[in-house]
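One structure is given here, and the rest of the page talks about it.
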Ligand SMILES: [Zn+2]
């Protein structure tokens, strides 16, 4: 079972710890579930976990967790969740294309009860005894018919079939409580590991490889520790609040692409001539800025060191125009900070203006010094820039606080590998409440493919809950 946790901030860490603690059932909660199960010893029951959770005022996940451990102790046996009611609309009756359940499908479609209740709710228990096919099998038949486009299908009344073994009477509460205590301990340890990973100052790749007991071959140049360009990605958030490594992984592709483009350009014969022309002209920095091309940033940084004040001013102004190209623009931050103390007031003015757009907090103390600048227009721009940087920080923090934590459980498996395959997904909010469930028959596939499909589908289904797309 894949357990996917995306950790963003300290608050997420706290939420996750609270969630783990809440998912440890109490003696009273375990007893409530056991009492219910003990009523049907020796029988196969169909448990609608959602309904039971409501009745017992317990968390659905908690009940599933208790069931899972009772199964491991041999007290019960659970089967794939089934639906006991279905609404079927026939599209056509050509079952020849079916791969797995052709014969059963013919049987069901011929059945009088099935025919009578088409387009309304069919009780699968009644159908099962009429066609002599088990409910789980009917579930699969109907799903294959749906995938083949033969029927439209709506499923309802989801239940987990549970076989209650005689051992359910002798379950040791102390043993069960001890299992949950150990589980809580190991889950909290996992959170600690993730935090340690995020806060570690060593190469992120090395950390992961070492964690799995593997050797490391030196700096990877692809993580936020090894690559300085990725270090500023979380600009605007306090240090230690963010897991930069994961953000870096997403952006590195973009950065590599720029690097590749640069290499390609180097081969173009006109480039050298163009550069010469640019160097000869004092308005070159302006041209570079107008191109709105992040590849020009290093060149513009060179221009900020120019002896010519006008050139410095134009370079700073151009860098301001390229402020949207993060993280590359952060390379210019040290040079721009120097220019906040430039002899020419217009250079100081434009440098302050650029920081308002780039939003680097490193510049704040230097900008504050400009509040006493001799030129009123420099002071004005500095006030504006400080306001913008602080606002950006506040906005970013707010969006981080509003970001919700969700927990995704996904799994996929095939019968036969490859063979008839299915996926299952449960998405919980941060209180552990199930917000989305999904199960799907995906046709013939390998175990591996089913696992990936489950994860991909899970991430798709999770988007609306995270307000992302
Ligand atoms: Zn690294």
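The values are calculated or read from the model by the stated rules, or taken from the named source; none is laboratory data. On a predicted model such as this, the values are computed, not experimentally measured, just so you know. Cβ atoms come from the backbone with ideal geometry, glycine included; neighbour counts cover every protein chain shown.
Couple of notes before you dig in:
- Pairs linking a residue in the range 220-234 that is at positive phi to a residue that is modelled with pLDDT of 65 or more and more than 6 Å from the ligand (Cβ to nearest atom), with Cβ atoms under 7 Å and 6 or more positions apart or on different chains, are 221/227.
- Residues in the range 408-423 that are surrounded by fewer than 21 Cβ atoms within 10 Å (Cβ to Cβ) and either in a loop (DSSP other than H, G, I, E, B) or touching a residue at least 60 places away in the same chain (Cβ under 8 Å) (or both): 409, 411, 416, 417, 418, 420.
- Residues within the range 200-231 that are loosely packed, with under 11 Cβ neighbours inside 10 Å and near the ligand (Cβ under 10 Å from one of its atoms), tallied: 1
- Checked against (1) surrounded by 14 or more Cβ atoms within 10 Å (Cβ to Cβ); (2) touching a residue at least 24 places away in the same chain (Cβ under 8 Å), residue 71 passes all but a single condition, namely (2).
- Per-region count, the range 93-116, residues out of contact with any strand residue (DSSP E or B) (no Cβ under 8 Å at 6 or more places or on another chain) and touching a residue at least 24 places away in the same chain (Cβ under 8 Å): 10
- Scan the range 441-457 for residues that are closer than 21 Å to residue 160 by Cα and either touching a residue at least 40 places away in the same chain (Cβ under 8 Å) or under 17 Å from the mean Cα position of the chain (by Cα) (or both) and the total you get is 2.
- If you go through the range 117-137 and pick out every residue that is touching a residue at least 24 places away in the same chain (Cβ under 8 Å) and within 41 Å of the chain's Cα centre (by Cα), you end up with 12.
- Test set (1) more than 33 Å from the chain's Cα centre (by Cα); (2) crowded, with 18+ Cβ neighbours inside 10 Å - residue 360 fails condition number: (1)
- From 338, 307, residue being surrounded by fewer than 17 Cβ atoms within 10 Å (Cβ to Cβ) and either in a helix (DSSP H, G or I) or modelled with pLDDT under 85 (or both): 338
- Condition check for residue 374: modelled with pLDDT of 85 or more and either assigned by TED's automatic domain parsing to the domain that holds residue 53 or part of a loop (DSSP other than H, G, I, E, B) (or both): yes
Residues are listed down the side, and each one gets a yes or a no for (1) under 27 Å from residue 185 (Cα atoms); (2) out of contact with any helix residue (DSSP H, G or I) (no Cβ under 7 Å at 6 or more places or on another chain); (3) modelled with pLDDT under 85:
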position: 25; (1), (2), (3): yes, no, no
position: 28; (1), (2), (3): yes, yes, no
position: 42; (1), (2), (3): no, no, no
position: 45; (1), (2), (3): no, yes, no
position: 49; (1), (2), (3): yes, no, no
position: 77; (1), (2), (3): yes, no, no
